[in-house]
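Chemist: Got a structure for you, questions after.
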Amino acid sequence: MKRSTVSLGLLICLSLLIAHSHASAQLAPTRKAPRGEPLEKYDNPPAPPRKIETSPRMISQFGVFTSYQANVDANGNNIIGDAANECTISVDPTDGNKMTIGWRQFNDVTSNFRQGGWGNTTDGGVHWTFPGVLQDNVFRSDPVTQSDEIGNFFYLSLQSNVNQSFFCDDLWRSTNGGQSWVERSPDQGAGGGDKQWLTIDKTGGPGHGFQYQADDGINCDNNFFVEFQRSTDGGVTWQSPIEIPQEPVYGTLDVDTNGNVFVGGEGNTFYCVRSSNAQIGGQTPTFDQVTPVNLGGDLGGGGINGVGLTGMLFLAVDRSGGSTNNNVWLA
């Protein structure tokens, strides 16, 4: 009798859950992450000006962890009716209290027009300043932030406009802890393309300060292959793109202590691709090692993120100097 009661209770709960799911808004269907098609679209004009109202910022406690809202106004309050997503955070290695976050800024939740927003903190993330966007009413997406070993922050931003069917990047730098940014490359002058990622060589080798990026092939040069680019002058100019073997997309890059560059992503399986000579400024980068990695499954799209990816492949190199130094990790 007791077991039957439990089963009946479980059945009732499941019935309620099923009924609730049918009554709720349906998620978009999931699918394998697409290749060879743009995932960004300039589909809305800039949101019109509106009256700005505020509420107290969000502070969330979970066990020993405290989360502090970053996209707040000048007085530290939440801005009602705006939104931010796709955030990437970087920390000043010379002062861990200084951090900056780049995000896609939506001035109004009724508009899909996004801009390059950012925030910075000087007290370890307890209080944030949101100065605004890189350029007012300029369509931007896929923000990527990085820091170098002396505490300069960099912001790689995807840019397009209503008359373009392609996307190019430009690179910005902050030398004051993320308080303000100066464009290093001209608008769309950093080459690149959709779903780009950035890393910086912080070693003491010949590639010190070199910047590397990869994108998914939907790019401003219409090459239509997954490409790799290098800047040897701090992001001001970028060399012509190079095709990455096995075309790994939707992933990230990192540099080991010997200056080798690793790119991770998904082709017909997951791959970790290495360039040993990208750190040699006078040579055209080549890829001397291509390693398939069985992570299981596929990268996907749809579902809770109906028009975009539901995940990426992240690659990181262990530079701890210990027994696992230069191990490469993929997740």
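The values are calculated or read from the model by the stated rules, or taken from the named source; none is laboratory data. Model, not experiment: these values are computed from the prediction. Heads up, the Cβs are rebuilt from the backbone with ideal geometry, glycines too, and the neighbour counts pull from every protein chain shown. With ligands, DNA and RNA removed, areas are computed over all heavy atoms of the protein, side chains included. Shrake-Rupley method; radii C 1.70, N 1.55, O 1.52, S 1.80 Å.
Chemist: Take the Cα radius of gyration of region 111-270 and divide it by 2.2 N^0.38 Å, with N its residue count; two decimals is plenty.
Modeler: Dividing the Cα radius of gyration by 2.2 N^0.38 Å gives 1.03.
Chemist: Using r as the Cβ-Cβ distance of Leu295 and Phe62, and R0 as 35 Å, what FRET efficiency do you calculate, to the nearest 0.05?
Modeler: 0.80
Chemist: While we're looking at this one, here's another question. In whole Å, what three semi-axes, largest first, describe the equivalent ellipsoid of region 56-107 built from its Cα gyration tensor (square root of 5 times each eigenvalue)?
Modeler: Ellipsoid semi-axes (Å, largest first): 20, 16, 11.
Chemist: Where only protein heavy atoms count, and the probe is 1.4 Å, what is the accessible area per residue for region 149-258 in Å²?
Modeler: 34
Chemist: Pick from Asp108, Asp254, Asp216: which is most flexible by mean-square fluctuation in a GNM of the chain where alpha carbon atoms under 10 Å apart are linked?
Modeler: Asp108
Chemist: So how far apart, in nm, are the two label points at Asp221 and Glu149 if each is 7 Å from Cα heading toward Cβ?
Modeler: 2.9
Chemist: Between the helical axis of 2-23 and the dominant principal axis of the chain, each derived from Cα atoms, what acute angle in degrees is found, rounded to the nearest 10?
Modeler: The two axes meet at around 60 degrees.
Chemist: On to the next question. Please go through region 255-315 and write out the chymotrypsin sites (Phe, Trp or Tyr not before Pro) that DSSP classes as loop and that have at most 15 other C-beta atoms within 10 Å.
Modeler: Within region 255-315, the qualifying chymotrypsin sites (Phe, Trp or Tyr not before Pro) (loop, at most 15 other Cβ atoms within 10 Å) are Phe314.
Chemist: Running a GNM on the chain with Cα contacts under 10 Å, which residue among Gln146, Gln188, Gln61 ends up with the highest mean-square fluctuation?
Modeler: Gln61
Chemist: Please report, as a whole percent, how much of the solvent-accessible surface of the chain comes from carbon and sulfur atoms (probe radius 1.4 Å).
Modeler: Carbon and sulfur together cover 55 percent of it.
Chemist: Where does each of Asp123, Asp148 land when they are ordered by accessible area, with a 1.4 Å probe and the largest first?
Modeler: Putting Asp123, Asp148 in descending order of accessible area: Asp123, Asp148.
Chemist: Divide by every residue of the chain the summed helix terms, -39500 (n - 2.57) for each DSSP H run of at least 4, and state the resulting mean residue ellipticity at 222 nm, rounded to the nearest 500 deg cm²/dmol.
Modeler: Dividing the helical sum by the residues of the chain leaves -2500 deg cm²/dmol.
Chemist: Another one. What nm distance separates the two modelled labels at Cys87 and Asp318, each placed 7 Å from Cα along Cα→Cβ?
Modeler: Modelled inter-label distance: 3.0 nm.
Chemist: Given bins 5 angstrom wide, list per bin the percent of all Cα-Cα distances in region 56-176, short to long.
Modeler: Spelled out per bin, shortest first, that is 2, 11, 20, 23, 20, 13, 7, 3, 1, 0.
Chemist: Which of these, Gly207, Gly251, Gly303, has the largest mean-square fluctuation under a Gaussian network model of the chain (Cα springs below 10 Å)?
Modeler: Per the Cα network of the chain with a 10 Å cutoff, Gly303 tops the list.
Chemist: A follow-up question, please. Using 7 Å Cα-to-Cβ label points, what is the Thr286/Ala74 separation (nm, one decimal)?
Modeler: Distance between label points: 5.7 nm.
Chemist: Still on this structure, please answer the following. Computed over the Cα atoms of the chain, what is the convex hull's projected area averaged over all directions, in nm²?
Modeler: In nm², the orientation-averaged hull projection of the chain is 21.4.
Chemist: What is the sum of charges around Ser185, taking Lys and Arg as +1, Asp and Glu as -1, for the other residues whose C-beta is under 9 Å from the C-beta of Ser185?
Modeler: Neighbour charge sum, excluding Ser185 itself: -3.
Chemist: Right, here's the next one. So which aspartates and glutamates pass the test for Lys32, namely a Cα distance under 14 Å, with those fewer than 8 places away in the same chain ruled out?
Modeler: Of all the aspartates and glutamates, those that pass the test against Lys32 - Cα under 14 Å, at least 8 places apart if same chain - are Glu266, Asp298.
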